[in-house]
Amino acid sequence: MPRRFSRQSFGVRNRSPWRRMLADAVHQFHENDLFSSAAAMSYFGLMTLFPALLLLLALSNRIAAGTQMIQHIVQVYPGSSKFLHETIRSLSGISKTVVISCALVVLWAGSWVFAIAERALNRIWGTTHRTFLHGRVITLGMIGIVGLLLSVSVLLTSVLLALQEIAGNLSPRQLENYRLLASVGSLFWEIVFALASLLLTFALFAVVYKFLPNAHVSIRDTIPGAVIGGLLWEAAKYIFAWSLNYLDYDQIYGPVGAVVTVLIWGYVSSLVLLFGAQLSSVFHREHMEHPIAAPQVNVPSASFS
């Protein structure tokens, strides 16, 4: 008789089935009103996107990495690459005033994306909210982390492309020492690029789940939600791109159809991100003895003699 797959094999004391945990996550997702949070995140995400592309366009005039960063951002939005590329090409001669304005909008709107996500994650974990200034420092730090991960993605892609070019220039005699590489050909590199993209997605989700909520969240708590959320997000990209063959937003919304497509994908991405966080919370409550608590702040008490 085949062994039944359960959480006990992973060292978890509670034997609740995965189905019940998934049902709990869906129920709590609705109770925490995360649909509204995802909608607000997608709104401010749209406000952040185009100024960010303008900044990267200005950066691309100085360093080659700016162009690659634009390509990475465009690839995040399935079905909208043509619209985004045309928008970028239509922009030229960006002045310093426009660059400064874009930077301010990115910091303002981008901080609101993470501020809304922070409040949503605090509801998920049942903790209190940070003070306004503390919260803004955290959200601005998250913007920097996202920029850092984007830079790592560009660097990793450049390294993989260089390795792919080196492998392509190998002679038949040299390829005899790498028979596996010669047999799989381009499929090998497609798998490598896909795995690299997945790892960066997992890292981004884990960073958000670890540092954004006002709680002591361990790395172990972030892993289930980051992995499942990352896989769901990658699957959602293909499903969303496939659905665009049957849903023509240009016919429904006219000239703003492409913008609506970007907005809807932002909403779907926000839903996946928050659902992964909700899963992490459910997993934590299933196998941890002590509940997550917000960091304690020691306030000196006044004494009167």
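Observations
- Region 117-137 residues that are assigned to a helix (DSSP H, G or I), paired with ones that are at pLDDT below 85 (beta carbon under 7 Å, 6 or more apart): Trp125/Ile292
- Note on region 113-137: residues that are surrounded by 19 or more Cβ atoms within 10 Å (Cβ to Cβ) and either of a type in the set (D, E, K, R) or within 19 Å of the chain's Cα centre (by Cα) (or both) total 12.
- Filter result for the condition that a residue is touching a Gly at 6+ places or on another chain (Cβ under 8 Å) and at pLDDT below 90, over Tyr249, Tyr253: Tyr249
- Taking region 177-214 as the range and being of a type in the set (A, V, I, L, M), touching a Leu at 6+ places or on another chain (Cβ under 8 Å) and at pLDDT 85 or above as the test, the residues that pass are Leu198, Leu200, Ala203, Leu204, Val207, Val208, Leu212.
- Within region 18-67, if we keep just the residues that are surrounded by 13 or more Cβ atoms within 10 Å (Cβ to Cβ) and either of a type in the set (Val, Ile, Thr) or farther than 28 Å from Ile143 by Cα (or both), the residue that is modelled with the lowest pLDDT turns out to be Thr67.
- Scan of region 239-253 for residues that are among the hydrophobic types (A, V, I, L, M, F, W, C) and under 24 Å from the mean Cα position of the chain (by Cα), ordered by number: Ile239, Phe240, Ala241, Trp242, Leu244
- Count of region 234-263 residues which are within 22 Å of Ser37 (Cα to Cα) and touching a Leu at 6+ places or on another chain (Cβ under 9 Å): 6
The values are calculated or read from the model by the stated rules, or taken from the named source; none is laboratory data. All values reported here derive from a predicted model rather than from experimental measurement. Neighbour counts are summed over all protein chains in view; Cβ atoms, including those assigned to glycine, are modelled from backbone coordinates with ideal geometry.
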